[in-house]
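The values are calculated or read from the model by the stated rules, or taken from the named source; none is laboratory data. Since the model is a prediction, treat every value here as computed from it, not as a measurement. Every residue, glycine as well, gets a Cβ built from its backbone with ideal geometry; the counts of neighbours run over all protein chains shown. Areas reflect the complete protein model, heavy atoms only, side chains present, ligands, DNA and RNA absent. Shrake-Rupley method; radii C 1.70, N 1.55, O 1.52, S 1.80 Å.
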Amino acid sequence: MKVVHMLINLGYPVLQLYWRMFKPKTYGVRILIHDEDNVLLIQQTYGDKNLLLIPGGGYKPKKETPLDAAKREVLEELGTAPENITELGTYTTTAEGKLDTVALFSGTVTPAAIHIQKLEIAKIQWAPYTQALKKPNLSTVAQKAIREHYKY
């Protein structure tokens, strides 16, 4: 497991260099996991490890829909299937050097059913959405999803 973790940490900067050089078009999903007033924030084991994100990842549009990808990512990262899924919209970003089209969703999970995938997820935390929005290390995508879901 340590070898795989090391490969992920070494491979990610190589991917970032590739993205900046060739600017590929990629597709991603992010899903805001929430309850009434709280949101689930994650920190990854690679990249900017202090950045607070929401679960998600990449997908291939020819192989799966954004909704299917969002469900798969939550299952892979949190070990449980999301429920009550709502589409929040789509946005495009070049933050990592690639042209990334990201579909945003919101949904719920049973907190007791969460079993994080430790290869990708370093830690999770629940926070009231109003406090989450004040965190200086909250990712832009998480901000967008929170604001859209809570109409804040």
In contact with a Phe, Trp or Tyr (Cβ under 7 Å, 6 or more places away or on another chain) and either of a type in the set (A, V, I, L, M) or under 29 Å from Lys23 (Cα atoms) (or both): does that describe Leu88? yes
Hey, Ala95 of a type in the set (A, V, I, L, M, F, W, C), surrounded by fewer than 13 Cβ atoms within 10 Å (Cβ to Cβ) and more than 14 Å from Asp35 (Cα to Cα) or not: yes
What is the number of the single condition among (1) under 20 Å from Pro61 (Cβ atoms); (2) in contact with a Gly (Cβ under 8 Å, 6 or more places away or on another chain); (3) not hydrophobic (A, V, I, L, M, F, W, C) that Thr86 does not meet? (1)
With respect to Thr110, is the statement that it is polar (S, T, N, Q), touching a Phe, Trp or Tyr at 6+ places or on another chain (Cβ under 9 Å), more than 12 Å from Leu32 (Cα to Cα) and open to solvent by 20 Å² or more (accessible area, probe 1.4 Å) true? no
Restricting attention to region 25-75, which residues are of a type in the set (S, T, N, Q), closer than 15 Å to Thr101 by Cβ and touching a residue at least 12 places away in the same chain (Cβ under 8 Å)? Thr26
Out of Thr90, Thr80, report the one residue that is hydroxyl-bearing (Ser, Thr, Tyr), surrounded by 12 or more Cβ atoms within 10 Å (Cβ to Cβ) and part of a strand (DSSP E or B). Thr90
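Every residue, every condition in (1) among the β-branched types (Val, Ile, Thr); (2) open to solvent by less than 60 Å² (accessible area, probe 1.4 Å); (3) within 16 Å of the chain's Cα centre (by Cα), yes or no:
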position	(1), (2), (3)
Leu99	no, no, no
Ala103	no, yes, yes
Ile121	yes, yes, yes
Thr130	yes, yes, no
Lys134	no, no, no
Thr140	yes, no, yes
Lys144	no, no, yes
Glu148	no, no, yes
Among residues belonging to region 48-67 that are farther than 15 Å from Leu104 by Cβ and in contact with a strand residue (DSSP E or B) (Cβ under 9 Å, 6 or more places away or on another chain), point out the one that is least open to solvent (accessible area, probe 1.4 Å). Leu52
Would you tally the residues in region 98-152 being assigned to a loop (DSSP other than H, G, I, E, B), over 19 Å from Arg72 (Cα atoms) and modelled with pLDDT under 95? 3
From (1) among the hydrophobic types (A, V, I, L, M, F, W, C); (2) under 16 Å from Asp37 (Cα atoms); (3) touching a residue at least 60 places away in the same chain (Cβ under 8 Å), pick out the condition that doesn't hold for Leu133. (3)
